[in-house]
1. Just checking, does the range 289-302 include any residue being at pLDDT 85 or above, assigned to a helix (DSSP H, G or I), of a type in the set (A, V, I, L, M) and buried (at least 17 other Cβ atoms within 10 Å of the Cβ)?
2. For the range 48-71, check the following and say yes or no: at least one residue is modelled with pLDDT of 95 or more, under 25 Å from the mean Cα position of the chain (by Cα) and hydroxyl-bearing (S, T, Y).
3. Output the residues belonging to the range 69-79 that are touching a residue at least 24 places away in the same chain (Cβ under 8 Å) and open to solvent by 10 Å² or more (accessible area, probe 1.4 Å).
4. Can you find a residue that is assigned to a loop (DSSP other than H, G, I, E, B), of a type in the set (D, E) and open to solvent by 80 Å² or more (accessible area, probe 1.4 Å) anywhere in the range 34-45?
5. Based on what the data block shows, is V264 touching a helix residue (DSSP H, G or I) at 6+ places or on another chain (Cβ under 7 Å), more than 14 Å from D237 (Cα to Cα), buried (at least 20 other Cβ atoms within 10 Å of the Cβ) and aliphatic (A, V, I, L, M)?
6. Does the range 153-176 hold any residues that are over 17 Å from V282 (Cα atoms) and assigned to a loop (DSSP other than H, G, I, E, B), and which are they?
7. What number goes with the only condition from (1) modelled with pLDDT of 90 or more; (2) open to solvent by less than 10 Å² (accessible area, probe 1.4 Å) that M141 does not pass?
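The values are calculated or read from the model by the stated rules, or taken from the named source; none is laboratory data. This structure is a prediction, so every number in the text was calculated from the model and none was measured. Please note: Cβ atoms are built from the backbone with ideal geometry, for glycine as well, and neighbour counts cover all protein chains shown. The accessibility values were calculated without ligands, DNA or RNA, using every heavy atom of the protein model including side chains. Shrake-Rupley method; radii C 1.70, N 1.55, O 1.52, S 1.80 Å.
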Amino acid sequence: MSIAILIPAYNPDEKLLTLLSELIAVGLENIVVVDDGSKAECQAVFEKVSAISAVTLRRHPVNMGKGAALKTGLLHIFNHLPDCRMVITADADGQHTPQDILRLSEAAAKAPEKLYLGVRAFDKDVPLRSLIGNKMTAFFMRVLLGMKISDTQTGLRAIPRSFIADLLQIPYNRYEFELEMLLACKRTGRGVAELTISTVYIDNNASSHFNPIKDSFKIYIVLFRYILVSILTAVTDYAVYVPSLYFCIGYLPYNAVVSTAIAVTIGRIAGAAVQYMLVRKVVFYSKKSVVSTLPKFILLVICSGCASYLIMHAINSSVHWNFYFAKLAAELVIYLANFLIQRDFIFQREER
């Protein structure tokens with residue numbers, strides 16, 4: 001399999017030259033380096049890079065972000081290396097050894113349509129910001145999307161050529177691009193595989209340009225948009241439920257059971273209509289037909305509505321909360337169950 005190595009570089013030092021020479025020494029000679037608007041002091045390094053015959057150097061006039069550098073390199077490889085079937089991305093700071101890059105290319109060749117990740121074991125001294133960031137993101141990926149990925153921020157990845165067109169459409173240009181790459185696998189039904197690599201941190205990862213506050217915020221905004229759909233659904237449900245209950249109590253003042261049942265039903269229908277449209281396309285990226293998913297979704301809405309109704313009356317009877325607050329408590333109880341059922345049984349995607 002023809003393989004290209006893609007290295008985004010921002011303000012690199014001599015470690016980049018060392019990495020390039022080691023890659024060439026193990027037989028990896030289709031190498032693309034992208035200068036992401038590095039400062040003038042680093043241009044001496046890039047002059048040496050451009051003099052290496054096995055390396056193609058692409059440049060950004062200003063710093064545009066790691067995601068933009070990766071997209072520039074992927075576009076160049078797609079257009080100018082038509083025989084390349086796999087792109088291995090690696091960092092320029094020496095964290096990825098040539099041996100691990102070679103091992104990843106060999107493993108990916110056995111599953112050429114999967115995104116292959118070189119994942120760190122985190123079994124020795126690891127900078128706290130790297131450890132916490134990875135663990136938190138991995139947790140949310142598992143809970144929200146059902147994707148079990150142990151190292152969500154690894155820069156060592158084997159990307160199939162068939163995946164490049166999808167990645168070039170990602171609108172994000174900085175560190176969040178790498179998380180979006182994983183979400184793109186979810187959208188397209190592409191499998192993700194892992195290979196354990198060495199955990200290398202040079203000078204406690206001092207050369208990293210990852211801002212633990214600003215860049216983590218961007219990454220989690222990408223993840224939490226999946227929660228926002230659920231919040232919008234709940235707001236719609238409750239916004240319709242409250243006036244419906246008020247109206248029903250006004251006309252049925254002596255029958256709280258019927259009033260709450262009618263209000264819950266109306267609110268549930270409104271929320272369900274919003275939820276179905278959004279979760280199918282925005283959250284779970286389901287390509288299953290409406291005929292296949294809608295009946296199951298309606299059954300879930302009916303069951304969860306009945307559960308909400310019963311829980312509301314149980315709360316009202318036991319702790320004497322009014323039905324407005326009881327509704328909020330009931331929805332929180334059944335929220336996670338609803339999410340998991342939709343993710344794993346209604347809108348589940350099959351790997352291509």
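1. Yes, the conditions are met somewhere in the range 289-302.
2. no
3. K71, T72, L75, H76, F78
4. no
5. no
6. Q153, T154, G155, L156, N173, R174, Y175
7. In the conditions (1) modelled with pLDDT of 90 or more; (2) open to solvent by less than 10 Å² (accessible area, probe 1.4 Å), M141 misses (1) alone.
Yes/no per residue for (1) open to solvent by less than 60 Å² (accessible area, probe 1.4 Å); (2) hydroxyl-bearing (S, T, Y); (3) within 30 Å of P160 (Cβ to Cβ):
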site: V274; (1), (2), (3): yes, no, no
site: V319; (1), (2), (3): no, no, no
site: L328; (1), (2), (3): no, no, no
site: Y335; (1), (2), (3): no, yes, no
site: R343; (1), (2), (3): yes, no, yes
